[in-house]
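Reviewing the structure listed below.
The values are calculated or read from the model by the stated rules, or taken from the named source; none is laboratory data. Just so it is clear, the structure is predicted and the values come from calculations on it, not from any experiment. Positions of Cβ are backbone-derived with ideal geometry, glycine not excepted, and every protein chain shown enters the neighbour counts. When the accessible area is computed, the model is the full protein with side chains, heavy atoms only, and any ligands, DNA or RNA have been set aside. Shrake-Rupley method; radii C 1.70, N 1.55, O 1.52, S 1.80 Å.
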Amino acid sequence: QVQLVESGGGLVQAGGSLRLSCAASGRTFSSYAMGWFRQAPGQEREFVAVISWSGGRIDYADSVKGRFTISRDNAKNTVFLQMNSLKPEDTAVYYCAAGRLVVASMSLYDYWGQGTQVTVSS
């Protein structure tokens, strides 16, 4: 069992930065791939980024490539999402998730956090 708690969301102006954190409980955190997803009002939840258990494999959605960076610290059971050059269209609730595969498909993730709101003003 893995429990996930996101933090670091907030209100930021366009062009600004935020760093999201996702703290995990459970001794098996380091064996999971960790993903970030987001859901804007009235839209479906979408993939943002994923990192393998070792950090050796990373993938991003095209919409965030070059602006967002995913990383993890297995010693601290935490995964991060550094978001730079934020745009109003990045406004969403951001969720972290744990799964066994390094994939973008939500259905393949086993555990989810409750989400943290990110609002980017123009």
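Against the condition surrounded by 13 or more Cβ atoms within 10 Å (Cβ to Cβ), within 21 Å of G99 (Cβ to Cβ) and in contact (Cβ under 8 Å) with a residue 60 or more places away in the chain, how does L4 come out, does it pass? Yes: the conditions hold for L4. When R38, R19 are screened for being more than 19 Å from N77 (Cβ to Cβ), open to solvent by 10 Å² or more (accessible area, probe 1.4 Å), outside any loop (DSSP other than H, G, I, E, B) and out of contact with any Cys (no Cβ under 9 Å at 6 or more places or on another chain), only R38 passes.
On the basis of being open to solvent by 30 Å² or more (accessible area, probe 1.4 Å) and either over 16 Å from T119 (Cβ atoms) or not in a loop (DSSP other than H, G, I, E, B) (or both), does R27 make the cut? Here the answer is yes, as R27 does meet what is asked.
Kindly indicate whether any position in the stretch 72-83 is open to solvent by 50 Å² or more (accessible area, probe 1.4 Å), closer than 23 Å to S122 by Cβ, out of contact with any helix residue (DSSP H, G or I) (no Cβ under 8 Å at 6 or more places or on another chain) and outside any loop (DSSP other than H, G, I, E, B). There is at least one residue in the stretch 72-83 that is open to solvent by 50 Å² or more (accessible area, probe 1.4 Å), closer than 23 Å to S122 by Cβ, out of contact with any helix residue (DSSP H, G or I) (no Cβ under 8 Å at 6 or more places or on another chain) and outside any loop (DSSP other than H, G, I, E, B). Could you please let me know if S63 is open to solvent by 10 Å² or more (accessible area, probe 1.4 Å), within 16 Å of K87 (Cα to Cα) and not hydrophobic (A, V, I, L, M, F, W, C)? When the stated conditions are applied, S63 passes them. For the stretch 103-122, a residue qualifies if it is closer than 23 Å to S54 by Cβ and open to solvent by less than 30 Å² (accessible area, probe 1.4 Å), and the qualifying residues are Y109, G113.
Hey, among R100, R57, which residue is loosely packed, with under 14 Cβ neighbours inside 10 Å, among the charged types (D, E, K, R) and at pLDDT below 95? Exactly one of R100, R57 is loosely packed, with under 14 Cβ neighbours inside 10 Å, among the charged types (D, E, K, R) and at pLDDT below 95, namely R100. Could you go through the stretch 50-60 and let me know if any residue there is under 17 Å from M106 (Cα atoms), hydrophobic (A, V, I, L, M, F, W, C), part of a strand (DSSP E or B) and touching an Asp or Glu at 6+ places or on another chain (Cβ under 6 Å). There is at least one residue in the stretch 50-60 that is under 17 Å from M106 (Cα atoms), hydrophobic (A, V, I, L, M, F, W, C), part of a strand (DSSP E or B) and touching an Asp or Glu at 6+ places or on another chain (Cβ under 6 Å). Out of F80, F29, F47, one residue alone is within 14 Å of G8 (Cβ to Cβ) and among the hydrophobic types (A, V, I, L, M, F, W, C). It is F80.
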